[in-house]
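Peer 1: Pasting a structure below so you can have a look.
The values are calculated or read from the model by the stated rules, or taken from the named source; none is laboratory data. Note that the structure is a prediction, hence the values are computed from the model and not measured. We place every Cβ from the backbone using ideal geometry, glycine too, and count neighbours over all the protein chains shown.
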Amino acid sequence: MNKKLLYVIATTMVLSGWLSAFILNSMPTQSTWHIIGPTLLLGVGMGILRKNWLWKKAALTVVFSALAALTLMNNFFPDRQVTITAVKERFRKVYSGKMVAVNVSDTVSTELFIEPRFLETFAPINVRLFAQLPGPVQMLTTDQLGNIYATIPSLGAIYRLSDNDKDGFADASILYHVGLERPYGLLWDKNKLYVATPTQLLELQDSDNDNQVDKVRVVIDDLPDDGGHWQRAIAKGKDDFIYLSIGSRCNACQEDDDQLATILKINPATGESSTYASGLRNSTGLTFTADGRTLFGTENGRTGLGPNFPPDEINKIVSGGNYGWPYCYGNNITDITIGSADNCSNTIASSVDLPAHSSPRGTTFGDSLKAPEMYKNSLYTVMQGASTEDVITKAKLIRIPYQNKQLSSHGKEFLRGWDIAGKVWGKPVDVIVGSDGNLYISDELAQAIYQISWQQAN
């Protein structure tokens, strides 16, 4: 083969290897298998160069190819700015986790955890089974005393869990309230517990301090529920309004009810509400920044476009914002099956694109964690994963760095491994920061809540 042509082929392979590595780095989380492509391209290309030319020319070609790929990446994808250092950190974090045992108290009786369970972590943390409940636990919240509240929609119940001896395991599990219609989102505020059901926002109180709800007030009634997405997430901002998500009734369609696929802004004192944001198919997790001024929400994208589209999302929710569904997704990309470019001209792009069908659920900022600064300055998001004919994505918890009031364009692996040899044993749903500075994660399949603490906190 002509030596010049061979050089062009080898250089192209190295350039493609670097470029594919940078593209992988700009995506939130990926399977270990995805490293094979960049590794083969770089390895074969560098092998050809080293075999046929002096090492200086080969080394210079590799370096300049990396710089060229970096320039191309940052010019064509300015929202995904990457550096060589970031790629090195990305590869180190994603492909070399540490196995940590889920610590179970001797006093806890549970069939699921008779055999040791392990999770793979990318941080110096300990994992404990904080509690196991009698049903598939969903959303969590905490009060100022450190009690954890959890919804179990299938039982119509809310449980309250306390760790009175501070050993990391719940020693009191109390049925706080029952008889609700599929309770989901939870919020504790000023000695009141707010809970969202498919049709109502309720305010619950334990006025006589006997650990049982004795006062129930309907804040808002008649929320639209016609069998579509029914999980209502709630969050409260510094303005003292409650923000409540209402999912769509369908996968991709034009809604007749203008309350569907929105986030409502609600005055908890009067029940008055208005549409705060729209074009959100199914935002099952809402959270405010530490100052209570900026709202972020997870978004579950539509199905039916194949295993890789559209991306799931994390959005910065602003007043009056339209986030595109059903006509657009991600970075204002048109869904050609239902919309046109005109539909996306005034919509707001996602803040972070997540892998398709990763099913993001609960999310929270880590400002009050007892952890090193890099972990505190992060948004934690549960990616529940999915298993369909088209795609299998695994459950994990990621963290997305948050600096200068901006989220990074991609997330970092934090915790994964709720499966053993292809058999799923857990399914995380929500994540919160407790008043003790630890993370708490709910798991609907294991009917459990885990406590995550740092081995060395700042």
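Peer 1: Do we have Ser358 as outside any strand (DSSP E or B), within 22 Å of Val137 (Cβ to Cβ), touching a residue at least 40 places away in the same chain (Cβ under 8 Å) and in contact with an Asp or Glu (Cβ under 8 Å, 6 or more places away or on another chain) here? Explain how you work it out, then say what you get.
Peer 2: Numbers: outside any strand (DSSP E or B): yes; within 22 Å of Val137 (Cβ to Cβ): yes; touching a residue at least 40 places away in the same chain (Cβ under 8 Å): yes; in contact with an Asp or Glu (Cβ under 8 Å, 6 or more places away or on another chain): yes.
Yes: the conditions hold for Ser358.
Peer 1: Separate question: For the stretch 367-374, does any single residue satisfy the condition of being without any contact (Cβ under 8 Å) to a residue 60 or more places away in the chain, within 20 Å of Ala235 (Cα to Cα), of a type in the set (S, T, N, Q) and in contact with a Lys or Arg (Cβ under 9 Å, 6 or more places away or on another chain)?
Peer 2: No, there is no match, as no residue in the stretch 367-374 is without any contact (Cβ under 8 Å) to a residue 60 or more places away in the chain, within 20 Å of Ala235 (Cα to Cα), of a type in the set (S, T, N, Q) and in contact with a Lys or Arg (Cβ under 9 Å, 6 or more places away or on another chain).
Peer 1: If you check Ala349, Ala290, which single one turns out to be surrounded by fewer than 20 Cβ atoms within 10 Å (Cβ to Cβ), modelled with pLDDT of 95 or more and touching an Asp or Glu at 6+ places or on another chain (Cβ under 6 Å)?
Peer 2: Ala290
Peer 1: Still on this structure: When residues of the stretch 252-272 are filtered for being of a type in the set (A, V, I, L, M, F, W, C), surrounded by fewer than 21 Cβ atoms within 10 Å (Cβ to Cβ) and either outside the structural domain of Val178 (by TED's automatic domain parsing) or at pLDDT 95 or above (or both), how many remain?
Peer 2: Residues of the stretch 252-272 that are of a type in the set (A, V, I, L, M, F, W, C), as a first pass: 252-253, 260-261, 263-264, 266, 269.
Subsequent filtering for residues that are surrounded by fewer than 21 Cβ atoms within 10 Å (Cβ to Cβ) retains 252-253, 269.
The next check asks that each one be either outside the structural domain of Val178 (by TED's automatic domain parsing) or at pLDDT 95 or above (or both); those that pass are 269.
Residues flagged as of a type in the set (A, V, I, L, M, F, W, C), surrounded by fewer than 21 Cβ atoms within 10 Å (Cβ to Cβ) and either outside the structural domain of Val178 (by TED's automatic domain parsing) or at pLDDT 95 or above (or both) within the stretch 252-272 amount to 1.
Peer 1: In addition: May I ask you to list the residues in the stretch 135-176 that are surrounded by fewer than 17 Cβ atoms within 10 Å (Cβ to Cβ) and in contact with a helix residue (DSSP H, G or I) (Cβ under 7 Å, 6 or more places away or on another chain)?
Peer 2: Gly135
Peer 1: (1) of a type in the set (Ser, Thr, Tyr); (2) in a loop (DSSP other than H, G, I, E, B); (3) in contact with a Phe, Trp or Tyr (Cβ under 9 Å, 6 or more places away or on another chain): which one isn't true of Tyr194, the others all being true?
Peer 2: Result: Tyr194 passes all but (2).
Peer 1: If you take the residues in the stretch 403-421 that are over 14 Å from the mean Cα position of the chain (by Cα) and in a strand (DSSP E or B), which one is farthest from Gly297 (Cα to Cα)? Spell out the reasoning first.
Peer 2: To start, the set of residues in the stretch 403-421 that are over 14 Å from the mean Cα position of the chain (by Cα) comprises 403-406, 417-421.
Those left that are additionally in a strand (DSSP E or B): 403, 406, 419-420.
On the way: Gln403: 18, Gln406: 14, Asp419: 27, Ile420: 30 Å.
My answer is Ile420.
Peer 1: For residues that are among the polar types (S, T, N, Q) and not in a loop (DSSP other than H, G, I, E, B), scanning just the stretch 287-309, find the one that is farthest from Lys238 (Cα to Cα).
Peer 2: Once the filter is applied, the top-ranked residue is Thr298.
Peer 1: Here are some residues: Glu444, Glu389. Which one is among the charged types (D, E, K, R) and modelled with pLDDT under 95?
Peer 2: Of the residues listed, the single one that is among the charged types (D, E, K, R) and modelled with pLDDT under 95 is Glu389.
Peer 1: Looking only at the stretch 355-382, count every residue that is in contact with a Phe, Trp or Tyr (Cβ under 8 Å, 6 or more places away or on another chain) and β-branched (Val, Ile, Thr) and tell me the total.
Peer 2: Residues in the stretch 355-382 being in contact with a Phe, Trp or Tyr (Cβ under 8 Å, 6 or more places away or on another chain) and β-branched (Val, Ile, Thr): 2 in total.
Residues are listed down the side, and each one gets a yes or a no for (1) within 29 Å of Thr289 (Cβ to Cβ); (2) buried (at least 21 other Cβ atoms within 10 Å of the Cβ); (3) touching a Pro at 6+ places or on another chain (Cβ under 9 Å); (4) of a type outside the set (Val, Ile, Thr):
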| position | (1), (2), (3), (4) |
| --- | --- |
| Asp225 | no, no, yes, yes |
| Gly228 | no, no, no, yes |
| Lys238 | yes, no, no, yes |
| Ser245 | yes, yes, no, yes |
| Cys250 | no, no, yes, yes |
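Peer 1: Just checking, which of Ile246, Ile174, Ile152, Ile234 is β-branched (Val, Ile, Thr), farther than 28 Å from Ser274 by Cβ and within 22 Å of the chain's Cα centre (by Cα)?
Peer 2: On inspection, the qualifying residue turns out to be Ile152.
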